[in-house]
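Encoded as structure tokens, the structure appears first; notes follow it.
The values are calculated or read from the model by the stated rules, or taken from the named source; none is laboratory data. Being a predicted model, the structure only gives us computed values, none of them experimental. In this analysis, Cβ positions are derived from the backbone assuming ideal geometry, glycine residues included, and neighbour counts consider all displayed protein chains. Heavy atoms of the whole protein, side chains included, go into the accessibility calculation; ligands, DNA and RNA do not. Shrake-Rupley method; radii C 1.70, N 1.55, O 1.52, S 1.80 Å.
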Amino acid sequence: MGWANGSSPTGFILLGFSAHPRLEVVLFVFVLFFYLLTLLGNFAVMAVSYLDPALHTPMYFFLSNLSLLDVCFTTSLAPQTLVNLRGPAKTITYGGCVVQLYVSLALGSTECILQAVMALDHYEPVCRPLHYVVIMSPRVCQQLASTSWLSGLANSLIHATFTLQLPLCGNHRLDHFICEVPALLKLACVDTTVNELVLFLVSILFLLISPVLILISYGFITRAVLRIRSSEARYKAFSTCSSHLTVVVIFYGTIIYMYLQPSDSYAQDQGKFISLFYTMLTPTLNPLIYTLRNKDVKGALRKLLSGKLCPLWT
């Protein structure tokens, strides 16, 4: 790999927010708080989705996948970030940077596809209710979830491998708090046009085509919901779909800003805060947005806390 000959043998120095020492204390508390909240919220969603038979549906199957993904994604980044914010040695080993790059890219890309799959799951029962049970069978749901995870892995292999081939010529001061592609491209001592082109083309597939398909599906959903005569059924459909749409807007908005802007207009300090938002805050918002507006999940959580779900385990 290109880095092996040009990087520091001990790894990389993550500059992060070192220019703002006082801010680091605040950010440490911020990251720790939202990391713990992410673990608590997403594990709770996975627990109730598994324990409550009433939640054994395609919607909660995909939501459990999303929760698992968010836990893994945040865990791949938060511990290293906390260490660097807390101590004076703001370093990461070469191997640690490689692993972090591959894992975070794979999980982030997986979520892009999984959000589109969840939009399909919302489209089918509203627009094609008579075919929903047949189309979204357990086998099909497992295949769709597997496709999401494998697509994310493939994207990670392309992006990370192309980035790792770049020679750094001794540059090992990474102006970021995590190993991320846009920041790593800045370290290269050669022309990165090809890498940026590959990054842009693959990003279009994950960051433009997926949200476009989601918006199209919600266009059909909106048209179908407006035809429903029952105001209660209409409210329930809008409530469920609006929760997912809120997550989609937050997730894709931040990622598109990071990966689809020209490299010469990439503001490093601004990019750090955007990265902090979608790596630490967004995984926390997912379970909150879905549960606060979902009576089924809130009911299951109450049963879990009161111990009524324990017999269902046995």
Checklist outcome for this item: Filtering region 8-40 for residues that are more than 26 Å from Tyr290 (Cβ to Cβ) and assigned to a helix (DSSP H, G or I) leaves a count of 8
Item to check | Whichever residue in region 266-294 is open to solvent by 60 Å² or more (accessible area, probe 1.4 Å), assigned to a helix (DSSP H, G or I) and modelled with pLDDT under 75 and, among such residues, is nearest to Leu36 (Cα to Cα) | outcome: Leu292
Checklist entry - From the list Thr57, Thr93, which one is touching a strand residue (DSSP E or B) at 6+ places or on another chain (Cβ under 6 Å) and either modelled with pLDDT of 95 or more or farther than 18 Å from Leu285 by Cα (or both)? => result Thr93
Item to check | The one condition in (1) part of a helix (DSSP H, G or I); (2) open to solvent by 10 Å² or more (accessible area, probe 1.4 Å) that Gly152 fails to fulfil | outcome: (2)
Checklist entry - In region 167-176, how many residues are open to solvent by 10 Å² or more (accessible area, probe 1.4 Å) and in a loop (DSSP other than H, G, I, E, B)? => result 6
Item to check | Criterion (surrounded by fewer than 15 Cβ atoms within 10 Å (Cβ to Cβ) and polar (S, T, N, Q)) met by exactly one of Ser210, Ser230 | outcome: Ser230
Checklist entry - For region 81-90, how many residues meet the condition of being at pLDDT 90 or above and buried (at least 21 other Cβ atoms within 10 Å of the Cβ)? => result 1
Checklist outcome for this item: Of the residues in region 64-78 that are open to solvent by 10 Å² or more (accessible area, probe 1.4 Å) and part of a helix (DSSP H, G or I), the one that is farthest from His122 (Cα to Cα) is Thr75
Item to check | Candidates Ala116, Ala106 - the one that is more than 17 Å from Val248 (Cβ to Cβ) and touching a Leu at 6+ places or on another chain (Cβ under 7 Å) | outcome: Ala106
Checklist entry - Restricting the first residue to region 203-222 and requiring it to be in contact (Cβ under 8 Å) with a residue 12 or more places away in the chain, which pairs with a second residue that is of a type in the set (S, T, N, Q) meet a Cβ separation below 7 Å and a spacing of at least six or different chains? => result Phe206/Ser109; Phe206/Asn155; Ser210/Gln115; Ile214/Gln115
